[in-house]
Amino acid sequence: MYASREDIGYDFGDDSKVGSKPVKPNPNIDGGWAWMIVFSSFLVHILIMGSQMALGVLNMEWLEEFNQSRGLTAWVSSLSMGITLIVGPFIGLFISMCGCRLTAIIGGILNALGWILSAYASSVHYLFLTFGVTAGIGSGMVYLPAVVMVGQYFQKRRALAQGLSTTGTGFGAFLMTALLKYLCTEFGWRNAMFIQGAISLNLCVCGALMRPLSPKDLSEKSVVRSNSEDNQEKALSHSTETIKSNGVLSDEPEKKEEATTEEVLESVKHIEIGGNSGNGRNMYGLRMLKTVSQLTLTVRKGFALWYSSYFGAASLFTNRVFVAFIIWALFAYSSFVIPFIHLPEIVKQYNLSRQDNVFPLTSIIAIVHIFGKVILGIISDLPCISTWNVFLMANFTLVTCILTLPLMQTYVGLAVVCALIGFSSGYFSLMPVVTEDLVGTKHLANAYGIIICANGISALFGPPFAGWIYDITQKYDFSFYIAGLLYMVGIVFLLIQPCIQKKQPRQKSTEEAQV
């Protein structure tokens, strides 16, 4: 027997009230400036994720330059990829306090600085600090806002919008691989990194395009989304909404903080009025006091929201489906990253360098990855298709390809498997959509920060682990087998809670029909 929506506290809003007061959403939601946000996010994915997918080129240069083991050298790429994602929860705090635009601009400066400083590296350990940590933190400060802003600006075409924006990863991997190869050949890897650092300053421009929506627009979007979800029977739509009865994602702390904010600013206002009635000599000090008060309260409010999302009574971790999603993310991402870092070495071992130079395998993954994200996004937006089911099918296909890749020792065989890896990994565009279905738009930044943090841990240890296994066995086969098996474990965890929850929307819709 299933409980009704009221019993479990799903926040679908009062339909009668919505009917009496029609919602007029911002024209920029699902249109207008929303497409500029998609374009900005697209460029961010080219410059950040695309560059990281092309690090196999620099990895070979670092092996020759510093003459270190493959396992140690792979830590440079892994640190950059891993830290970009691991800092997600802390970047969520920055977004809560400063907004997406300022966070992204600061991140663009840090990322460029990391690339430029890495051009003067004297050892692999120097690269750990400059490229792995500095550029990695900068990348994370731009990447998370780029994903969150697309989620805020789209309601009806979320999967398609995320798919289009994240195709920048595929375009970037293809373009940056060719660019870094050319720059390394013509100018050497040091000058190549310096030039790439200058190019990365364009991330600041991308951040400037991230114009924030007003709180009113966000609330209107939530109401529209709640109404539309009543008419859709997607697997996770109803089972992952805000659960008031368990205290999940409650708005009470924010309401208390808003009351405090109004009281303090009102007192400052009275002081300012009193200053006007007397003399104007202290007006500058009063304005400064008001500005500092507003800034302090904004920081407190942002920190309170961030803290409650992770540690308070409204913790995201009380959502069991979301916890299963985190466990999956801990195992998944390394299976996608390992081929990009080590495929150039595998090609060299199989004496396939001539064919790979004509059309690199990493470029095949990147190009097909573009089509995979768009096609999976379009399919997921269809009313009769469950985003969750598309997400799972893509995961099963990818893990099969990872386990199959070591068996292929010809260029054609590797190309086919790489094409399937590229297409199935298009599910990355669905991750923000699934996360938003789980926690709602308001908490997307903090929730997606946790997911990409788990992905970052996976990316951090995956490539060095593969290099370490190679140093022991002189083969990459076991690296792919172990990564594939761990990925399968993550998928099993992903299936535990949703398999139970998927039945609930159907039962509810039947009960509603009877009423």
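The values are calculated or read from the model by the stated rules, or taken from the named source; none is laboratory data. The shown structure was predicted, so the numbers you read here are calculated from the model rather than taken from an experiment. Heads up, the Cβs are rebuilt from the backbone with ideal geometry, glycines too, and the neighbour counts pull from every protein chain shown. When the accessible area is computed, the model is the full protein with side chains, heavy atoms only, and any ligands, DNA or RNA have been set aside. Shrake-Rupley method; radii C 1.70, N 1.55, O 1.52, S 1.80 Å.
General remarks:
- Any hit, region 159-170, residues being surrounded by fewer than 21 Cβ atoms within 10 Å (Cβ to Cβ) and out of contact with any Phe, Trp or Tyr (no Cβ under 8 Å at 6 or more places or on another chain): no
- Positions within region 66-91 being in a helix (DSSP H, G or I), open to solvent by 20 Å² or more (accessible area, probe 1.4 Å), within 18 Å of Gly449 (Cβ to Cβ) and among the aliphatic types (A, V, I, L, M), in sequence order: Ile83, Ile86
- Residue match in region 98-120 (condition: buried (at least 24 other Cβ atoms within 10 Å of the Cβ), of a type in the set (Val, Ile, Thr) and either out of contact with any Cys (no Cβ under 7 Å at 6 or more places or on another chain) or outside any helix (DSSP H, G or I) (or both)): yes
- Taken as a whole, region 423-432 holds no residue that is in contact with a Leu (Cβ under 7 Å, 6 or more places away or on another chain), surrounded by fewer than 23 Cβ atoms within 10 Å (Cβ to Cβ) and part of a helix (DSSP H, G or I).
- Residues of region 362-390 that turn out to be surrounded by fewer than 21 Cβ atoms within 10 Å (Cβ to Cβ) and of a type in the set (Phe, Trp, Tyr), as a count: 1
- In region 337-378, of all residues being charged (D, E, K, R) and at pLDDT 75 or above, the one that is nearest to Ile452 (Cα to Cα) corresponds to Lys373.
- Residues satisfying the stated conditions in region 184-197, i.e. assigned to a helix (DSSP H, G or I) and open to solvent by 10 Å² or more (accessible area, probe 1.4 Å): Cys184, Thr185, Glu186, Phe187, Trp189, Arg190, Asn191, Phe194, Ile195
- In region 490-503, of all residues being of a type outside the set (Lys, Arg) and surrounded by 16 or more Cβ atoms within 10 Å (Cβ to Cβ), the one that is modelled with the highest pLDDT corresponds to Ile491.
- Counting only helices (runs of 4 or more DSSP H) that fall entirely inside region 329-415 and contain at least 1 residues that are of a type in the set (Asp, Glu), the qualifying elements are 353-358.
- Considering Ala445, Ala419, the condition of being more than 16 Å from Gly490 (Cβ to Cβ) and buried (at least 22 other Cβ atoms within 10 Å of the Cβ) is satisfied by Ala445 alone.
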